[in-house]
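Asks: One structure is given below, represented as structure tokens, and several questions about it will come after.
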Amino acid sequence: LDRILQKVPVLARRAFSSSARQLKNRVPEAQKLFQADNGLPVHIKGGTGDVLLYRVTMTLTITGNTYRHIDWVGGKSC
């Protein structure tokens, strides 16, 4: 256990050092995609994953609000 704890500072230093693997900046690519004037709403410009996420979110929102406002057992409104 002591050996493992002694390695933690070394591993942390490697993980956060400037010589660590550099990631490619993909923000400009995303900006071009989402700012393109192609007539699509912003919530579906990201592709199929965005469309599915939007539809699931809207379904859960509508279902949750309906469940909240209607007593499903008796059919009575709040």
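The values are calculated or read from the model by the stated rules, or taken from the named source; none is laboratory data. Predicted, not measured: the structure shown is a model, and the values here were computed from it. Note that each Cβ is placed from the backbone with ideal geometry, even for glycine, and that neighbours are counted across all protein chains shown.
Asks: Which condition number does Gly75 fail, the rest of (1) modelled with pLDDT under 85; (2) surrounded by 10 or more Cβ atoms within 10 Å (Cβ to Cβ) being met?
Replies: (2)
Asks: If I filter region 27-72 down to residues being of a type in the set (Asp, Glu) and part of a helix (DSSP H, G or I), which single residue comes out as surrounded by the fewest Cβ atoms within 10 Å (Cβ to Cβ)?
Replies: Ranking the candidates gives Glu29 first.
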